[in-house]
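Notes for the one structure printed next.
The values are calculated or read from the model by the stated rules, or taken from the named source; none is laboratory data. Everything quoted here is computed from the prediction, not taken from an experiment. Cβ sites come from the backbone with ideal geometry, for glycine too, and all protein chains shown count toward neighbours. The protein model used for the area step is the full one, side chains on, heavy atoms only, and it has no ligands, DNA or RNA in it. Shrake-Rupley method; radii C 1.70, N 1.55, O 1.52, S 1.80 Å.
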Amino acid sequence: SLVGYWPFDKNKGGGNWNTSQINNGLVFDGVDDGVTLPASSMFINNVKNFSFSVWIKRGEVGAWATIIGMGTGGDELLFGLRNDAITMVASPAFGNYLVNSDTPTTEGMWQHLVGVKQDGNYSFYLDGDLDGSGLWNSTVFNISGTTRSIGRDTGTSGTEIFNGSLDE
């Protein structure tokens, strides 16, 4: 079932907005921008399977750039970029999994990214094409009651900030 959906089409309520892939989107400066969601906005309890889907138009990013992050204090689930490729990270309570796609994303171009964890497997899609898959033998995820964010990590460092535009 759908846990969270943010179309970024309202163009109000603060933040930097632009015309994007589907109507409007949010712009992140890669320095200190991010959207903090209330802990009650998404509950991931006893979840084995999940997926993330987003349109991005990235600027220059560092080694890590979080698109959506959940959790704090080391028990995090992140979907974002690592060395320009799609990544999902589950740490440490979830088995310290770090999985990456095969192909780097392209700076300055709209691209559609999808990450899927289904049973004991993961797969990445870049613009609709399979771009990496493998085994992910983690157990059940429980991340209710903690911080969720878009455009930056939720952990104590707050340094994995996205640079570019995001849309649904």
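Structure above, values below:
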{"quantity": "Qualifying residues in the stretch 116-131 (those that are modelled with pLDDT of 90 or more and under 18 Å from the mean Cα position of the chain (by Cα)) - the one surrounded by the fewest Cβ atoms within 10 Å (Cβ to Cβ)", "calculated": "Gly128"}
{"quantity": "Verdict on Val99 being modelled with pLDDT of 85 or more, open to solvent by less than 50 Å² (accessible area, probe 1.4 Å) and outside any loop (DSSP other than H, G, I, E, B)", "calculated": "no"}
{"quantity": "Scan of the stretch 79-96 for residues that are part of a strand (DSSP E or B) and modelled with pLDDT under 80, ordered by number", "calculated": "Val89, Ala90"}
{"quantity": "Residue in the stretch 51-77 that is nearest to Gly134 (Cα to Cα), counting only those that are part of a strand (DSSP E or B) and at pLDDT below 80", "calculated": "Leu77"}
{"quantity": "Condition check for Pro7: under 26 Å from Glu107 (Cα atoms), at pLDDT below 85 and exposed (fewer than 15 other Cβ atoms within 10 Å of the Cβ)", "calculated": "yes"}
